[in-house]
Amino acid sequence: MQNVPGPSPITTAFRELFRLTLATNQEELNEAQRLRYDVYCTELQFDAPENYPDQRETDEFESQSWHCLLRYEPPENPELHRIAGHVRIVHIEADACYPELPLVHNCRESLDPNDPDHPGARDPAAVCEISRLAVHSHFRRRPGERKSAYGDIDALADPQNHPRTFPLAAVSLFMASARIVQLAAKEHAYAMMEPQLARRSSRQGLHFRQIGETLYYHGRWRAPFHIRFSDAQLNIERSEQLLRPLFTMACAQIPKLHSYRQASKPA
């Protein structure tokens with residue numbers, strides 16, 4: 001009988017210690033924004049701290065986004081529980097405040113207007129943007145942790161029972177993003193990201209395609225990228241030891257879709 005590969009030891013260990021959840025109220029959103037401030041402004045200095053006197057990194061797209069939090073929750077040590085990471089998915093539904101994605105609103109000049117996957121060439125109901133991916137320094141692998149907000153996603157080494165060695169935090173947030181995209185029935189996802197992150201994601205099975213020029217944006221050289229959910233889903237299914245176990249985790253922990261404002265409305 002042929003052996004079927006299962007989840008790797010590192011994904012098994014990760015799922016025992018971490019939990020994915022959508023923000024359900026303003027305080028949870030504040031928690032995510034404080035994490036982003038710590039990573040982007042204080043630690044990596046991508047943005048000036050004085051721009052956020054309340055120590056919460058925010059912008060105008062918060063209210064038309066689904067916000068996902070990654071929490072570190074070791075079962076035997078509740079005193080160590082804390083937020084470990086964040087990512088948001090921005091949408092442009094009919095009632096959205098802004099009728100275009102952030103990368104179009106802020107980086108229009110970098111997009112190739114003739115690219116067939118330009119956001120403007122797609123049905124607005126079918127598009128979304130992955131943004132504000134951030135992992136706390138306590139949960140980023142040491143090599144490169146001072147250079148990026150997500151850590152070294154190539155370093156899939158043995159976890160050795162210590163959260164600092166987990167390179168899966170960013171990958172799990174990408175899988176949470178895929179789950180949100182699935183629930184929202186979006187086919188086209190966009191991201192303004194560093195080309196290095198796109199290359200690393202490709203090595204793990206997530207193939208983002210660059211659809212414009214690289215420019216200096218928010219303290220880093222970034223470019224607009226596009227990925228189709230249907231293509232990503234096929235590669236997730238093929239990745240039996242990494243992506244599929246983390247996507248399964250995201251599906252179990254994010255059973256339905258709601259924004260923090262929808263969740264906090266009175267019944």
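For beta carbons closer than 7 Å, sequence separation of 6+ or different chains, a first residue in region 40-61 that is over 30 Å from residue 95 (Cβ atoms) and without any contact (Cβ under 8 Å) to a residue 24 or more places away in the chain and a second that is in a helix (DSSP H, G or I) and among the hydroxyl-bearing types (Ser, Thr, Tyr), the qualifying pairs are 49/42; 55/37. Taking region 115-167 as the search range and keeping residues that are at pLDDT 70 or above and β-branched (Val, Ile, Thr), which one is nearest to residue 187 (Cα to Cα)? If we take residues in region 115-167 being at pLDDT 70 or above and β-branched (Val, Ile, Thr), then 127 is nearest to residue 187 (Cα to Cα). From the list 81, 86, 67, 91, the one residue that fits, being loosely packed, with under 14 Cβ neighbours inside 10 Å and in contact with a Lys or Arg (Cβ under 9 Å, 6 or more places away or on another chain), is 81.
To keep it simple, each residue is scored yes or no on (1) hydroxyl-bearing (Ser, Thr, Tyr); (2) buried (at least 20 other Cβ atoms within 10 Å of the Cβ); (3) under 18 Å from residue 129 (Cα atoms).
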{"site": "190", "(1), (2), (3)": "yes, yes, yes"}
{"site": "205", "(1), (2), (3)": "no, no, no"}
{"site": "208", "(1), (2), (3)": "no, yes, yes"}
{"site": "212", "(1), (2), (3)": "no, yes, yes"}
{"site": "217", "(1), (2), (3)": "yes, no, yes"}
{"site": "227", "(1), (2), (3)": "no, yes, yes"}
{"site": "232", "(1), (2), (3)": "no, yes, yes"}
{"site": "239", "(1), (2), (3)": "yes, no, no"}
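The values are calculated or read from the model by the stated rules, or taken from the named source; none is laboratory data. All values derive from a computational prediction rather than experimental measurement. Glycine also receives a Cβ, built like all others from the backbone with ideal geometry; neighbour counts cover every protein chain displayed.
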